[in-house]
1. Please find, within region 164-186, the residue that is modelled with the highest pLDDT out of those that are within 14 Å of R205 (Cα to Cα) and of a type outside the set (A, V, I, L, M, F, W, C).
2. Based on what the data block shows, is A90 part of a helix (DSSP H, G or I), surrounded by 22 or more Cβ atoms within 10 Å (Cβ to Cβ), at pLDDT 95 or above and touching a Leu at 6+ places or on another chain (Cβ under 7 Å)?
3. Would you mention how many residues in region 221-254 are out of contact with any strand residue (DSSP E or B) (no Cβ under 7 Å at 6 or more places or on another chain) and either among the hydrophobic types (A, V, I, L, M, F, W, C) or within 23 Å of S114 (Cβ to Cβ) (or both)?
4. When S248 is evaluated against the numbered criteria (1) surrounded by 16 or more Cβ atoms within 10 Å (Cβ to Cβ); (2) small (G, A, S); (3) part of a loop (DSSP other than H, G, I, E, B), which criterion, by number, is the only one it fails?
5. Would you check if there is a residue in region 103-116 being over 13 Å from the mean Cα position of the chain (by Cα) and at pLDDT 95 or above?
6. Pick out, from region 1-80, the strands (runs of 3 or more DSSP E) lying fully within it that include 2 or more residues that are aliphatic (A, V, I, L, M) and surrounded by fewer than 19 Cβ atoms within 10 Å (Cβ to Cβ).
7. State whether the residues of region 216-224 include one that is surrounded by 23 or more Cβ atoms within 10 Å (Cβ to Cβ) and either free of Cβ contacts under 8 Å to residues at least 12 places away in the same chain or not in a helix (DSSP H, G or I) (or both).
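The values are calculated or read from the model by the stated rules, or taken from the named source; none is laboratory data. Predicted model only: the values in this text are computed from it and were never measured. So basically every Cβ, Gly included, is an ideal-geometry build from the backbone, and we count neighbours across all protein chains shown.
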Amino acid sequence: MRGTAERNTALSIAGFDPSGGAGILADVKTFTLMGVYGMAVQAALTAQNTVGVLSVGPRPARRIKDELDALISDIRPDAVKTGMLYSAGAVSAAADAVKEHGLVNLVIDPVMISSSGKRLLKRDAQDALTGGLLPLALVVMPNVAEAEALSGIEIKNIEDAEEAARIIRRLGPKNVLIKGGHMPAGGGGGGHAVDLLFDGENFTRFSARRIEKELHGAGCVYSAAVTAGLAKGLTVPGAVRAAKKFISNAIRNARPAGHGRVPIV
C-alpha cells in the first residue's frame, strides 16, 4: 500500500558509520541526491572514522526484523539495498523480510572487508549470504576482492572478471556487476575504471576515467545510486549507467572531511 503522496522510495539495510562517509548515512544521502525518498535499518554498528574501522558489533536479528516489518508495512520500498550486514542473523533477517514482503529490486553490496582491513562480514554470515540472500538479488555488486572471495578465483584482468561473474551468477542473482575500481594495473582498463555487468547471457562494460583519490564509502554510494535508479523505474543497465555518472561526478568533486580517506557524499 502506498501513501497518498506518490514518491519513489528506497531502503538501505546496512551498517552505521558515525562519520557519515559509508553505511546507511551515506546511502540515505545518496538516495536524496538521486531524487528518491530514503529509509534505513541498521544491521550492525561500527566505531569508525575516515582513518579506519576501530570495532564492529552486531545488532539483534529480531530487532532488525521487527524494524523492517514495521517500516515496510507502512512505506513499501520500490528498491532495497543491503550493505554491511556483519552477522548471519542480520543476513537472515534481511532475507526473511525480502521473502515475506515480496520485495523486488534487491541490490546486494556484499561488504566483507573494510579498506583499512577490518573484517565486516563474519565467516558464517558469508555462508548465509551466498546460500540465503544472493538468490533473491536482482543485482549483486562485489568489488574485485569480494568477487574473488565469492567466485574462488583470482582476478587479474577483465577476462578473469568475466569468469568470476559467471561463477557468481550461478549462486542465484539475476545480474552480477563487478566493480573495477580496484582492478590491478594493466588489467585491461588502462586509465579507466571499468565495471562489468553480466545478466546471464551478455556482458556490458561501463567505463569512466579513473580518478586517483583515497576514498571512503565508494562502494556504498555506488550501490545506493544503482538502487535509487531502480526505484525510479530504470532498467538494470540504465540504473548502472546513471549511477556510474553520479559517482564519477561525486568522486571528482569530493573533498576531505577528516584526516583519512575522502568521503564522497
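1. Initial filter on region 164-186 (within 14 Å of R205 (Cα to Cα)): 165, 175-181, 183.
Filter again for of a type outside the set (A, V, I, L, M, F, W, C), leaving 175, 179-181.
Values: N175: 98, K179: 94, G180: 87, G181: 71.
Here the answer is N175.
2. Values: part of a helix (DSSP H, G or I): yes; surrounded by 22 or more Cβ atoms within 10 Å (Cβ to Cβ): yes; at pLDDT 95 or above: yes; touching a Leu at 6+ places or on another chain (Cβ under 7 Å): no.
For A90, the condition - part of a helix (DSSP H, G or I), surrounded by 22 or more Cβ atoms within 10 Å (Cβ to Cβ), at pLDDT 95 or above and touching a Leu at 6+ places or on another chain (Cβ under 7 Å) - is not met.
3. Let us first name the residues in region 221-254 that are out of contact with any strand residue (DSSP E or B) (no Cβ under 7 Å at 6 or more places or on another chain), namely 221-222, 225, 229, 232-235, 238-239, 242-243, 245-247, 249-250, 252-253.
So of that shortlist, the ones also either among the hydrophobic types (A, V, I, L, M, F, W, C) or within 23 Å of S114 (Cβ to Cβ) (or both) come out as 221-222, 225, 234, 239, 242-243, 246-247, 250.
Final tally of qualifying residues: 10.
4. (3)
5. Yes, the conditions are met somewhere in region 103-116.
6. Values: elements: 9-16, 37-48, 53-58.
Answer list for region 1-80: 37-48.
7. Of the residues in region 216-224, the ones surrounded by 23 or more Cβ atoms within 10 Å (Cβ to Cβ) are 216-224.
With either free of Cβ contacts under 8 Å to residues at least 12 places away in the same chain or not in a helix (DSSP H, G or I) (or both) added as a condition, the list becomes 216-217.
Yes, region 216-224 has at least one match.
Yes or no, residue by residue, for (1) closer than 19 Å to V91 by Cβ; (2) part of a helix (DSSP H, G or I):
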{"residue": "T130", "(1), (2)": "yes, yes"}
{"residue": "L133", "(1), (2)": "yes, yes"}
{"residue": "P142", "(1), (2)": "yes, no"}
{"residue": "A147", "(1), (2)": "yes, yes"}
{"residue": "E154", "(1), (2)": "no, no"}
{"residue": "E159", "(1), (2)": "no, yes"}
{"residue": "E163", "(1), (2)": "no, yes"}
{"residue": "G172", "(1), (2)": "yes, no"}
